[in-house]
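What follows is a set of notes on a single structure, which appears directly below.
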Amino acid sequence: MTTDQLTAEFETFQGELKSFILRMTASVQDAEDILQDTYLKAQSKIDTFRGESSLKTWIFSIASNLARDLLRSKKRWPETVTDICREEALHNRQFFQEAMHIRETSPQGKFEIKEHIAFCFTCVSKSLPLEQHLALLLKEVYGFKVTEIAQIMNQTEAMVKYYLHVSRSRMIDIFDHRCSLINKQGICHQCTELNGIFNPKQKAQEELVKIEMARDAENKSKEELFDLRMKILQELDPFESGAAELQLHHLEHNRRVMEKYLEEN
Amino acid sequence: MKQVHTNSKSQEGKATTVRKTFSRETSVQTTVMADPSIVWALLTRASDIPRWNSTVTSIKGEIREGNTIELKSILDEKRTFKLKVKEFVPEKRLVWGDSQGSRVYSIEKGAGGGVLFSMTEKIGGPIFPLFAKYIPPFDESFERFAADLKKEAESIQNSKS
């Protein structure tokens, strides 16, 4: 394969790759750096690519290894990340001023509940052990098969199945306890709360009806609701959506809060 | 020396207890149609154990040789068992215990692609007769443990690719 062929094919999935790295690292800077390093590494190692997997699988493998190298020494986030960050945000006037400015001036500054659902998943899934997080994103959001994930992670298919089963069960359990969109007793209302701040004239209930996961919450099983949550992530590009700038600003806030929190705890 | 068998035959998934004056040993074994790595992961990823194992209410610590874990079981929910991991041979054998006894988990290749899982706990010592009557029987919780492990491992093994 020539460098031109590599570049052409890389461009067809680099958006997916960048969003995947963002969802692993929760950092725009890291996503951009790892994306660039992945391309450079692929270019320098292209002679070793034997076509035993697709080029996309091979490239995702390089990116996953770089992300793992970066994240291995870092603590995982607590599953209460959104509660902790909410408390910090409430005392951070500058955060809201910046967010309001983005809301009013940026073409990617809309607030939409479904975008916040995807954002929320990015934060909460960082509470999973690293390998489980990686496997879950690759399968549920980016549609890789177990055999491909085994190649990407350099693991057996049996272990990939284990990671997928456990991570999925864990996330279903967390959202079932926390998310008020799918469980009336859920303790987190952050998406509707923020909708009230950024879209004060909008009725949250009318917005929720547009989201299948919220609309069908009472009729679907926990498994099905999780699949609908994953569908929201599959359809959203966190760098290109209409809410991208607002959500990335929020993500950067949460990442900083978490770094400080994990240093102190 | 007195010796009582509560169950004389070693049946699939049925616990067997051998009582002696200074010790008591309970065992269970079951065939699990899953890769040994799945069974091993389920047994050793401590934070995940209460999710699939209905006999463990909480477990703290990392299951690694030399580490001490803190475990709470349905046998006595008020009590925290502090157990030292004595052996840790991946996908083969795990042993933990305290001064009163040890629990041995073993995984062997079984027929037809599955594994034979067995679990044995022996408790005892010179003063065992003094406290033996206060220790509840393990049979039921052992059977539940084995059944839960089999169900969870086979469900993972058979999950979609």
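Set Lys and Arg Cβ to +1 and Asp and Glu Cβ to -1, take the dipole of the protein assembly as shown about its Cα centre, and tell me which of A:His189, A:Gln234, A:Met100 lies farthest positive. Of A:His189, A:Gln234, A:Met100, it is A:His189.
The charge dipole of the protein assembly as shown, taken about the Cα centre with unit charges on the Cβ atoms of Lys, Arg (+1) and Asp, Glu (-1), comes to about 2000 debye, rounded to the nearest 20. Charge dipole of the range A:7-75 (Cα centre as origin; +1 on each Lys and Arg Cβ, -1 on each Asp and Glu Cβ, all else neutral): 360 debye, rounded to the nearest 20. Ordering A:Pro78, A:Ser53, A:Asn65 by Cα displacement along the dipole of the range A:42-88 toward the positive end leaves A:Ser53 in first place; charges were set at the Cβ atoms of Lys, Arg (+1) and Asp, Glu (-1). Dipole check for chain B: with +1 at the C-beta of Lys and Arg, -1 at the C-beta of Asp and Glu, and the Cα centre as origin, the magnitude is about 420 Debye. Could you tell me which of A:Met1, A:Thr12, A:Thr38 has its Cα farthest along the dipole of the range A:1-74 towards the positive end, charges placed at Cβ (Lys, Arg +1; Asp, Glu -1), taken about the Cα centre? Positive-end residue among those listed: A:Thr38. Helix content alone sets the calculated 222 nm mean residue ellipticity of chain A: runs of n ≥ 4 DSSP H residues at -39500 (n - 2.57) each, divided across all residues, give -22000 deg cm²/dmol. Each of A:Arg93, A:Arg229, B:Arg93 has some number of other Cβ atoms within 10 Å of its Cβ, and from fewest to most they run A:Arg93, B:Arg93, A:Arg229.
Which shape class, rounded, prolate or oblate, goes with the protein assembly as shown when its Cα gyration tensor gives a ≥ b ≥ c as root eigenvalues, a/c under 1.5 marks rounded, and past that a/b bigger than b/c marks prolate? Taking the square roots of the gyration eigenvalues as a ≥ b ≥ c, the protein assembly as shown is prolate.
For peptide A:152-165, the mean count of partner chain Cβ atoms within 10 Å of a residue's Cβ comes to 5.
Amide hydrogen proximity for B:Gly110: with H placed 1.01 Å from N in the peptide plane, the residues at 5 or more positions away or on another chain lying under 5 Å are B:Val115, B:Leu116. Over the range B:17-132, the reciprocal of the mean inverse Cα-Cα separation, the Kirkwood hydrodynamic radius, stands at 15.1 Å.
Need the C-alpha centroid separation for the range A:136-165 versus the range A:71-111, integer Å. The distance from the Cα centre of the range A:136-165 to that of the range A:71-111 comes to 30 Å.
Rounded to the nearest 10 degrees, the inclination of helix A:157-178 to the longest alpha-carbon principal axis of chain A is 10 degrees.
In straight-distance terms, cross-link reach from A:Lys184 covers every one of the lysines whose alpha-carbon lies under 22 Å from its own, apart from those fewer than eight places away in the same chain; here that gives A:Lys114, A:Lys203, A:Lys210, A:Lys220, A:Lys222, A:Lys231.
The lysine pair count for the range B:34-117, using Cα distances under 20 Å and pairs eight or more places apart or on different chains, is 10. Per-residue mean of foreign Cβ neighbours for B:35-46 is 3 (Cβ atoms of other chains, 10 Å radius). Here the Karplus relation 6.51 cos²θ - 1.76 cosθ + 1.60, evaluated at θ = phi - 60°, turns the backbone of the range B:60-72 into coupling constants of 10, x, 9, 7, 9, 4, x, 6, 10, 10, 10, 10, 10 Hz, with x for every Gly and Pro.
Read the figures in this text as sums done on the coordinates, not as results from a lab. Please read these numbers as outputs of a predicted model, since none were measured by experiment. Because the Cβ atoms are built from the backbone with ideal geometry, glycine has one as well, and the counts that use them run over all protein chains shown.
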